[in-house]
Amino acid sequence: MDELFAPVGGGLSSSAAVEVATALCFLALGGLDIDMSRLALLCQKAEHEYAGAPVGIMDMTIVISGRAGHAMLLDCRDLAKQFVPLDANELRVVIVNSMVKHELSSGEYAKRRKQCEEGVAYFRKQNPAIRALRDVTMSMVEDAKGHLSDVVWRRCRHVVSENARTQEAARMLGRKEYEKVGELMVASHQSLRDDYEVSAPELDFLSSEAMKVKGVYGARMTGGGFGGCIVALAQPKAVEGVVEHVGKAYRDRFGKSPSVYVTTATSGAKIVE
C-alpha cells in the first residue's frame with residue numbers, strides 16, 4: 001500500500017493500525033508494558049467513545065498480534081487465538097480497492113449491530129443462556145423465520161452462517177484445501193451482499209471479475225462494506241493476471257482505476273529500534 005500505508009476509507013483497518021501504533025509509541029516513550037489483549041480492548045474503546053464507531057475487536061487484535069506466515073482465527077468472546085499457516089510460496093492475498101470510500105461512522109454499521117441485538121433478544125427469550133448470535137445454531141435461525149422481521153432474520157442468518165464458514169475456512173486452510181477455502185469466501189461475499197446488505201455494486205463486480213482469473217481460489221469484500229476493498233486468495237502465478245484483468249474490467253465498467261496491493265501474512269505492530 002505504497003509498501004507502507006493502507007488507503008484511508010479502504011476497509012483495511014487503517015484506524016486500528018493508527019490506534020495501535022500510537023499506543024505502542026506512548027508505551028515505549030513511557031517505558032511501560034501492558035498485556036496486548038488489554039491494549040486491543042483499549043483501542044476498541046477509543047473507537048466506541050471517541051470516533052463513535054461501535055466496531056468489534058478483530059482489527060485491533062490482528063494489528064497487535066499478527067504472526068508472519070499465518071492467518072489468525074480469533075474468538076471474539078475470550079480473545080483466544082489460533083494461528084493457521086499461510087504459505088507465501090503457495091498463496092498471495094490480492095487486495096483491490098474500489099476507490100469508493102466507506103464510512104463506519106455513517107450509521108449503517110451501528111444499525112446492523114442493533115438489528116443483530118434484536119435477534120439475540122428474541123433467541124434469549126427461548127434460552128436465557130444465549131448471549132450473542134454465536135450461541136445460536138442455523139436450525140434455530142430457520143425455526144425463527146416468520147417470527148422475526150425479514151431484515152432481522154437475514155441479519156441473524158448471515159452472522160450465524162458466517163461464524164460457521166470462518167471456522168470451516170480455518171480448518172480447510174490448515175489442510176491446504178484452498179479450493180474449499182475459496183468456495184467459502186465466495187459464499188461469504190454472497191451472504192454479505194444479500195443477507196447483511198453491506199456490499200456495493202463496485203465490490204460485487206470486483207469479486208466476480210477476480211474469480212474469472214485462473215488461479216484465483218476465492219474473492220470477497222472485506223472491511224465494513226459500502227465501499228472499500230475486496231480481497232482475493234490466489235496462486236502467486238495468478239497475481240499478474242488479476243491485476244491486469246480486474247484493472248481493465250473495472251476501468252471499462254466504472255471509469256476509474258482500482259488500486260491493487262499484493263501481500264502475504266506478516267507480523268503485527270512492533271517497536272523498531
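The values are calculated or read from the model by the stated rules, or taken from the named source; none is laboratory data. Just so it is clear, the structure is predicted and the values come from calculations on it, not from any experiment. Note: ideal-geometry Cβ built from the backbone for every residue, glycine included; neighbour counts use all protein chains shown.
Give the stretch 74-101 a look and list any residue that's out of contact with any strand residue (DSSP E or B) (no Cβ under 9 Å at 6 or more places or on another chain) and not small (Gly, Ala, Ser), or say none. It would help to see each step written out before you state the result.
First, pick out the residues of the stretch 74-101 that are out of contact with any strand residue (DSSP E or B) (no Cβ under 9 Å at 6 or more places or on another chain): 76-79, 87-90, 100-101.
Within the stretch 74-101, CYS76, ARG77, ASP78, LEU79, ASP87, ASN89, GLU90, VAL100, LYS101 meet the criteria.
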Would you mention how many residues in the stretch 1-56 are closer than 20 Å to ALA110 by Cβ, of a type in the set (Val, Ile, Thr) and modelled with pLDDT of 90 or more? 0
Sort through LYS45, LYS125, LYS101, LYS111 and tell me the only one that's of a type in the set (Lys, Arg) and within 28 Å of TYR261 (Cα to Cα). LYS101
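Hey, any hits in the stretch 255-272 for a residue that's hydroxyl-bearing (Ser, Thr, Tyr), buried (at least 21 other Cβ atoms within 10 Å of the Cβ) and either at pLDDT 95 or above or at negative phi (or both)? Reasoning before the result, please.
Taking the stretch 255-272 as the starting set, the residues that turn out to be hydroxyl-bearing (Ser, Thr, Tyr) are 257, 259, 261, 263-264, 266-267.
Restricting the remaining residues to those that are buried (at least 21 other Cβ atoms within 10 Å of the Cβ) gives none.
Scanning the stretch 255-272 turns up no residue that is hydroxyl-bearing (Ser, Thr, Tyr), buried (at least 21 other Cβ atoms within 10 Å of the Cβ) and either at pLDDT 95 or above or at negative phi (or both).
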Going through the stretch 9-63 in order, the residues found to be in contact with a helix residue (DSSP H, G or I) (Cβ under 7 Å, 6 or more places away or on another chain), assigned to a loop (DSSP other than H, G, I, E, B) and within 18 Å of ASP75 (Cβ to Cβ) are VAL55, ILE57
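Out of ILE230, ILE271, I need the residue that is under 30 Å from ALA28 (Cα atoms) and touching a helix residue (DSSP H, G or I) at 6+ places or on another chain (Cβ under 7 Å). Which one? Spell out the reasoning first.
On the way: ILE230 fails: under 30 Å from ALA28 (Cα atoms).
None of the other options fit; the residue is ILE271.
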With the condition kept exactly as written, say whether any residue in the stretch 185-195 is within 16 Å of the chain's Cα centre (by Cα), basic (Lys, Arg), assigned to a helix (DSSP H, G or I) and within 29 Å of VAL239 (Cα to Cα). yes
